[in-house]
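K.L.:
After the structure tokens below, expect a handful of questions from me.
The values are calculated or read from the model by the stated rules, or taken from the named source; none is laboratory data. As the structure is a prediction and not an experimental result, all values here were calculated from the model. Neighbour counts run over all protein chains shown; Cβ positions are idealised from the backbone, glycine included. The protein model used for the area step is the full one, side chains on, heavy atoms only, and it has no ligands, DNA or RNA in it. Shrake-Rupley method; radii C 1.70, N 1.55, O 1.52, S 1.80 Å.
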Amino acid sequence: EFDLSGIGTLDTAGALEVARLTTAIGAERRRIVGESPAARVLLAEVEGADFSPAPPAPPVGPVIRMLTDLGRHGVTIAEEAMAVLQLLGSVATVVGLAVVRPSRVRFVPFVHQLEQTALRAAPIIILMSFLIGAIIAQQGAFYFRRFGADLYVVDMVGVLTLREIAVLLTAIMVAGRSGSAITAELGSMKMREEIDALQVTGLDPVEMLVVPRLTALMLALPILTFLADLASLVGAAVVCKVYGGIPTETFLYRLQAAIALRTFLVGICKAPFMALIIGLIASMEGLRVKGSAESLGQQTTLAVVKSIFMVIVVDGIFAMFYAAVGV
């Protein structure tokens, strides 16, 4: 006889323990007394449950496994693309409302984010671009000297820097610096339930948090790209004078003949689009953070990797577009 009258409450774990003890005795030899109506229902459900292990999954071949993984990754990419488009739609809605009602523009957060993404990032961008321009000029001078075409180093540095290298490396640096910061900030707010608090008080997190960061990033990246262009050309001019024996006056004259305003605009026009991609991905991953530090680290890493990958993809798309229109 099992007397359950002294048990106040009974959960599933307790019901499983009682079932384990009673099933060892034949049904005709055991009797349960003193249970409450709720405990009686729970015991009946536990006793009637099927605890037999599930049959093992049939083995699959490597081809089926590869196709399954490929399909799963495809579904994941489609879901992420849909999430980015939804965030872009929310941002466009907020910007449209701000155009209709300028009082909704959050100017102070925008200036603060512009300082973080442009002013504080300028020294490292200038230093990196100076070194990259110097390295390109040194390598070009080393190989072109074999053919007696030293002056063509200026053409190579000017076109390559203004069209591709400066904007691409600047976008990658911004993705690793500012993109990760955006993800970490929004993820920390998500962990501390600050974003939920904004929604409870009737405020839109996209308007309050995402739009100031995104607009500041779209303005900061062209500015940083312009500084990177100048720093790269200065680095190339220094190396050409010291290593290649090309005077600065000759460098500037050749540079003026090799490039045009169109060459500069081809590179600088990519910057806002790359900044938009970086900001959207960083914000999306930040809003996906769960309530653990591990999740914050994972989403920050994913934001940087995805941003850099998409920056390179966007640069390739622009390269094909410019080649198609003959620019």
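K.L.:
In the chain, how many lysine pairs have Cα atoms under 28 Å apart, counting only pairs 8 or more places apart or on different chains?
P.N.:
4
K.L.:
If you don't mind, there's one more thing I want to ask. Could you state the principal axis extents of the C-alpha atoms in segment 1-102, from the largest down, to the nearest angstrom?
P.N.:
Each principal axis gives a Cα extent; for segment 1-102 these are 78, 52, 14 Å.
K.L.:
Residue by residue, what Karplus-based ³J(HN,Hα) values in Hz, rounded to whole numbers, does segment 203-208 have, using 6.51, -1.76 and 1.60 with θ = phi - 60° and x for Gly and Pro?
P.N.:
9, 8, x, 5, 5, 7
K.L.:
In the chain, once you exclude exposed chymotrypsin sites (Phe, Trp or Tyr not before Pro) (DSSP loop, at most 15 other Cβ within 10 angstrom), what's the longest stretch remaining?
P.N.:
The answer is 52-242.
K.L.:
Would you compute, from DSSP H runs of 4+ residues alone, the mean residue ellipticity of the chain at 222 nm, taking -39500 (n - 2.57) per run and dividing by the full residue count, rounded to the nearest 500?
P.N.:
-23500 deg cm²/dmol
K.L.:
How much net charge surrounds Q138 when only the other residues with a Cβ under 14 Å from the Cβ of Q138 are counted, with Lys and Arg +1 and Asp and Glu -1?
P.N.:
+1
K.L.:
Do you know the relative contact order of the chain, to the nearest whole percent, from alpha carbon pairs under 8 angstrom that are 6+ apart?
P.N.:
Reported relative contact order: 23 percent.
K.L.:
Still on this model: For F2, enumerate residues with amide H under 5 Å from its amide H, sequence gap 5+ or separate chain, H modeled in the peptide plane.
P.N.:
Here R31, I32, V33 satisfy the definition.
K.L.:
On to the next question. Give the accessible surface of segment 137-215 per residue, rounded to a whole number of Å², with probe radius 1.4 Å and ligands, DNA and RNA excluded.
P.N.:
Value for segment 137-215: 45 Å² per residue.
K.L.:
Then there is this: Near V311, within a Cβ-to-Cβ distance under 14 Å, what is the net charge of the other residues, with Lys and Arg +1 and Asp and Glu -1?
P.N.:
Its environment carries a net charge of +1.
K.L.:
Sorted from largest to smallest, which semi-axis lengths in Å does the alpha carbon gyration tensor of segment 126-222 give for its equivalent ellipsoid, taking the root of 5 times each eigenvalue?
P.N.:
46, 12, 7
K.L.:
Further question on the same structure: In percent, how large is the relative contact order of segment 246-308, given Cα pairs closer than 8 Å and 6 or more residues apart?
P.N.:
28 percent
K.L.:
Same structure, new question: With unit charges on the beta carbon (Lys/Arg positive, Asp/Glu negative), name the residue among L16, P37, I77 whose Cα is farthest towards the positive pole of the charge dipole of segment 1-78.
P.N.:
I77
K.L.:
To continue, here is another question. Select from the chain the helices, each a whole stretch of DSSP H, whose alpha-carbon atoms run 18 Å or more along the helix axis and whose Kyte-Doolittle mean is at least 0.5; answer none if there are none.
P.N.:
Those that pass (Cα extent of 18 Å or more, hydropathy at least 0.5) are 62-100, 122-144, 211-242, 270-287, 293-325.
K.L.:
Over the Cα atoms of segment 253-327, each weighted equally, I'd like the Debye log10 I(q)/I(0) at q = 0.24 Å⁻¹, rounded to two decimals.
P.N.:
Those come out to -1.03, one per q.
K.L.:
Could I get the Rg over Rh figure for segment 184-265? Both from C-alpha atoms, Rh via Kirkwood, rounded to two places.
P.N.:
Rg/Rh for segment 184-265 comes to 1.36.
K.L.:
Go through S292, S5, S283 and list them by solvent-accessible area, largest first, probe radius 1.4 Å.
P.N.:
S5, S292, S283
K.L.:
Which order do K241, K190 take by accessible area at a 1.4 Å probe, largest first?
P.N.:
From most exposed to least exposed: K241, K190.
K.L.:
Which percent of the accessible heavy-atom area of the chain goes to carbon and sulfur, probe 1.4 angstrom?
P.N.:
That share works out to 69 percent.
K.L.:
How large is the translational diffusion coefficient of the chain in µm² per second when you combine the Kirkwood radius over alpha carbon pairs with Stokes-Einstein at 4 °C and 1.567 mPa s?
P.N.:
Rounded to a whole number, D works out at 52 µm²/s.
K.L.:
What is the Cα convex hull volume of segment 172-316 when expressed per residue in Å³?
P.N.:
Convex hull volume per residue, Cα atoms: 117 Å³.
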